[in-house]
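Novice: I'd like to ask some things about the structure below.
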Amino acid sequence: DGIPSNDNMYGTAFTWEITPLVFTRSMEVIRGPGSALYGSNAMNGVISYNTLSAKDLTRKVELRTRIGNNHSRIFDILTGHETESVSFVSAFNLFESDGNQFTSFDSRGTTQSFDISNKRSSYYFFNKIEAKGKLRGLSLQYHEQAWNFSTGHGWLFYVPDQPENMDENRRMIALRFKTPNQEKQVQQEYLVRYQRHGVDWNVRLFPKDTPGYPYGITEILKTHTSDVFSRAQFSYALGRNSVLLGGIENSVFKYGGDDLHLSNVNLHTDFSPTTNNEFVDVGDYFAWLGDNPFVNTGVFAQYSSPKLGERLTATVGLRYDYAFFRFNALDIGGEERRSYDKMSPRLSLVFAALDNLNIKLMAGRAFRTPAASELFGSNTFLLASNIRKLQPEVVTTFEVAADYTVSSNINWRINAYRTEFNDQIAYSVSNFNLSTNLYSLTSMGVENELAFKAGNFDGFTNYSYVRRLDEKIVDPTISLSKRALTWVPQHVVNVGLKYGTQAGYASLQGHYQGAVDRRLSDLDDAFDSARGNKVDSWLTFDFRLVYKVSDMLEVGIFGTNLTDSNGRLIKNNPYAFDYQIPGRAVMLDLRLML
């Protein structure tokens, strides 16, 4: 609904099960750099979803439950109602699963394997109230979610030898006004959104008898951060489908200290073990920031042209962002100031070469300002911050695409791109997991998709290919690979087929991931025998079958990784393990509409 929902602590987009779709009416994936309109974090695309309103509901109450193996359980409830003056929608989702359970080596090598836990659960409460009558266009949203998870191979790749507690929660409240009459020449939108993210962690970082730490290392943290985001946006219809849009956004991030921050290691001084394994207060988690605000302001404009010569249309966008904060100079004393500013341009040309063929030329630049977790971490093993030297990530992409309607039932799309990704931020092994700009990469690739429909059948097949053109490595622990693509697959194929009738539908989808090469810095004679000198290719199949028993009841069954493929995702650097994809999972799906 136009409300930014990235996390304020990490900049993360919550794109897994902790953000359910029970209250979603529609979803759109906007590919490519999106910072010209959306600012920081819109690096490679934007996921935009619109939520349900009461008028979208055909029934007053919808109940849905899904039960499957690995003790997986999902429960949804959705309801809504409207009167002459107001309408509301409420939804609740509950998720629980033991997750992907398997045995694996960890950073200790190949002498012992451990049980890997991915047990997790979450809940989400959503409520939206929309005014009608004289206040039409005004809406209020409330989001409340909480989740817990296991750290799998461990926070620092040592499988925990003691139980952990990893709980997080988030609250968002958004008040929005948007011009209700979409036919008006001038459209206005005003938005204020509050977000609070809390963590309650008991992290087992190193096991007993780790060299220098006979009792291991445990860190306990209970804290929260908050931010307030606001936006004023206007658009003006110039005629002949041309639109001028502009606006200003502002966000203020705040940290107010910790409720609890303890460890059995002196994380606030010399990182030595405490006496007799005593847990002591180690100081603020974001001590570099303290009580100072982290402020970002963005100004943006976009123009969409009418058809030029009846064949060509253009979209031009430009945004300027300025972020600043004062921070406590913990190492030298006093207070310092840091700022970032970025200009994000975007250009898109669409040429209707034929009535059934569109050719698109696109260029854009996006950025990601370092997140609070990358800048301000202190007195902790969980983060290491590089506040004076860390630079924003920047991606620049050039694309040529074609959309060809072969017939009324067949559509073919092809896209070729060249991408420069500069100053990737990640943990540096050579600098004790310091958040660092590790490398810059230049890549090119081609994406191909064919979609078709024939009677009750519809489906698609797509293939993507990418190759490395150049790279620059800063971290000395990462070996250079200027031409050979590493860490990601060069070839990816997806195929889907669906058969649908009024009584229900059945679908089957396949996913193929090609082999993934390692860098020389990932190889180690002691570990290669355990995981190989590359990650082998793998293939998975998913299916779904839904039968409409009546207007009130649907029964379905769906499964993922039907062949129980032992696929792997790469773990970079010289370790004895890769990450294993989830095994076969099957769920029964019951949906009741009252």
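Novice: Once neighbouring chains are kept in place and the probe is 1.4 Å, which whole percent of the accessible area of the chain is contributed by carbon and sulfur?
Specialist: 56
Novice: Toward the positive end of the charge dipole of region 32-97, about the Cα centre and with charges on Cβ (Lys, Arg +1; Asp, Glu -1), which of Ser35, Thr65, Tyr49 goes farthest?
Specialist: Final value for the positive-end residue is Thr65.
Novice: Run lengths n ≥ 4 of DSSP H only: what is the helix-derived mean residue ellipticity at 222 nm for the chain, with -39500 (n - 2.57) per run over all residues, to the nearest 500?
Specialist: Only helices count here, giving -500 deg cm²/dmol.
Novice: Still on this structure, please answer the following. Within the set of other residues whose C-beta is less than 14 Å from the C-beta of Lys55, count the net charge using Lys and Arg as +1 and Asp and Glu as -1.
Specialist: Summing Lys/Arg as +1 and Asp/Glu as -1 gives +2.
Novice: What do you get for GluC sites (Glu not before Pro) in region 21-108 restricted to DSSP loop and a cutoff of at most 13 other Cβ within 10 Å of the site's Cβ?
Specialist: Glu84
Novice: Over all alpha-carbon pairs in region 483-544, figure out the percentage whose distance exceeds 13 Å.
Specialist: 70
Novice: What's the long-distance tail for region 1-65, i.e. % of Cα pairs beyond 21 Å?
Specialist: Summing the P(r) tail past 21 Å for region 1-65 gives 34 percent.
Novice: Okay, moving on. With +1 on the Cβ of every Lys and Arg and -1 on the Cβ of every Asp and Glu, and nothing else charged, how large is the dipole of region 1-158 about its Cα centre, in debye rounded to the nearest 20?
Specialist: So the dipole magnitude of region 1-158 works out to roughly 320 debye.
Novice: From the phi angles alone, apply the Karplus equation (6.51, -1.76, 1.60; θ = phi - 60°) to region 221-234 and give each ³J(HN,Hα) in whole Hz, x where the residue is Gly or Pro.
Specialist: Coupling constants for region 221-234: 9, 10, 7, 7, 10, 9, 8, 10, 10, 9, 8, 10, 9, 9 Hz.
Novice: Once Rh is set to the Kirkwood radius over Cα pairs, what Stokes-Einstein translational diffusion coefficient, in µm²/s, holds for region 306-393 at a temperature of 37 °C and a viscosity of 0.692 mPa s?
Specialist: Using the Kirkwood radius from Cα pairs, D works out to 196 µm²/s.
Novice: Hey, another quick one. What order do Leu434, Leu21, Leu138 take when sorted by accessible area (1.4 Å probe), most exposed first?
Specialist: Accessible-area ranking of Leu434, Leu21, Leu138, largest first: Leu21, Leu138, Leu434.
Novice: Greater than 28 Å separation of Cα atoms is the criterion. Which listed pairs, Lys119/Lys208; Lys119/Lys548; Lys254/Lys571; Lys498/Lys571; Lys119/Lys571, meet it?
Specialist: Lys119/Lys548; Lys254/Lys571; Lys498/Lys571, as the Cα separations exceed 28 Å there.
Novice: Put +1 on the Cβ of every Lys and Arg and -1 on every Asp and Glu Cβ in region 438-591; which of Gly514, Thr442, Ala530 then has its Cα farthest towards the positive end of the dipole?
Specialist: In region 438-591, that residue is Thr442.
Novice: Peptides 217-230, 464-477: what's the order by average Cβ count within 10 Å, highest mean first?
Specialist: 217-230, 464-477
Novice: Oh, and also: Normalise the Cα radius of gyration of the chain by 2.2 N^0.38 Å (N = residues in it) and let me know the number.
Specialist: 1.03
Novice: Under a 1.4 Å probe, what is the accessible area of region 1-122 per residue, stated in Å²?
Specialist: Per residue, region 1-122 has an accessible area of 50 Å².
Novice: What fraction, in whole percent, of alpha-carbon pairs in region 548-594 exceed 13 Å separation?
Specialist: When every Cα pair of region 548-594 is considered, 68 percent fall beyond 13 Å.
Novice: Filter the GluC sites (Glu not before Pro) in region 277-347 to those in DSSP coil with at most 12 other Cβ atoms within 10 Å of their Cβ, and list the result.
Specialist: Listed in order of number, the matching sites are Glu278, Glu310.
Novice: Report the local net charge at Val516: Lys and Arg +1, Asp and Glu -1, summed over other residues whose C-beta lies under 14 Å from its C-beta.
Specialist: +4
Novice: Viscosity 1.567 mPa s, temperature 4 °C: Stokes-Einstein D of region 379-472 from its Kirkwood Cα radius, in µm² per second?
Specialist: 78
Novice: Determine the order of Tyr124, Tyr320 by accessible area, beginning with the largest, at a probe radius of 1.4 Å.
Specialist: Tyr320, Tyr124
Novice: Give me the accessible area per residue for region 391-517, probe 1.4 Å, as a whole number in Å².
Specialist: 52
Novice: For region 487-594, what is Rg from Cα atoms divided by 2.2 N^0.38 Å, rounded to two decimals?
Specialist: Output field value: 1.48.
Novice: Let me ask something else about it. Rounded to the nearest 20 debye, what is the charge dipole size of region 442-561 about its Cα centre when +1 sits on each Lys and Arg Cβ and -1 on each Asp and Glu Cβ?
Specialist: 240
Novice: Taking the solvent-accessible surface of protein heavy atoms with a 1.4 Å probe, what is the per residue accessible area of region 130-262 in Å²?
Specialist: Averaged over the residues of region 130-262, the accessible area is 48 Å².
Novice: Which one, Leu361, Leu330, Leu383, is farthest towards the positive end of the dipole of region 315-398 when Lys and Arg carry +1 and Asp and Glu -1 on their Cβ?
Specialist: About the Cα centre, the residue reaching furthest to the positive side is Leu361.
Novice: Okay, next question. Taking the Kirkwood radius as the inverse of the mean 1/r across Cα pairs, report the Rg/Rh of region 179-312.
Specialist: 1.32
Novice: Find the Cα radius of gyration of region 276-355, compare it with 2.2 N^0.38 Å by division, and give the number to two decimals.
Specialist: 2.07
Novice: Further question: Net charge within 13 Å of Ser117 by Cβ-Cβ distance, Lys/Arg positive one each and Asp/Glu negative one each, not counting Ser117 itself?
Specialist: -2
Novice: Placing unit charges on C-beta atoms (Lys and Arg positive, Asp and Glu negative, everything else neutral), compute the dipole magnitude of the chain about its Cα centre in debye, rounded to 20.
Specialist: Charge dipole, the chain, about its Cα centre: 2020 debye, nearest 20.
The values are calculated or read from the model by the stated rules, or taken from the named source; none is laboratory data. Bear in mind that the values here come from a model prediction, so they are computed numbers and not experimental data. Heads up, the Cβs are rebuilt from the backbone with ideal geometry, glycines too, and the neighbour counts pull from every protein chain shown. Side chains included, ligands, DNA and RNA excluded: accessible areas come from the protein's heavy atoms. Shrake-Rupley method; radii C 1.70, N 1.55, O 1.52, S 1.80 Å.
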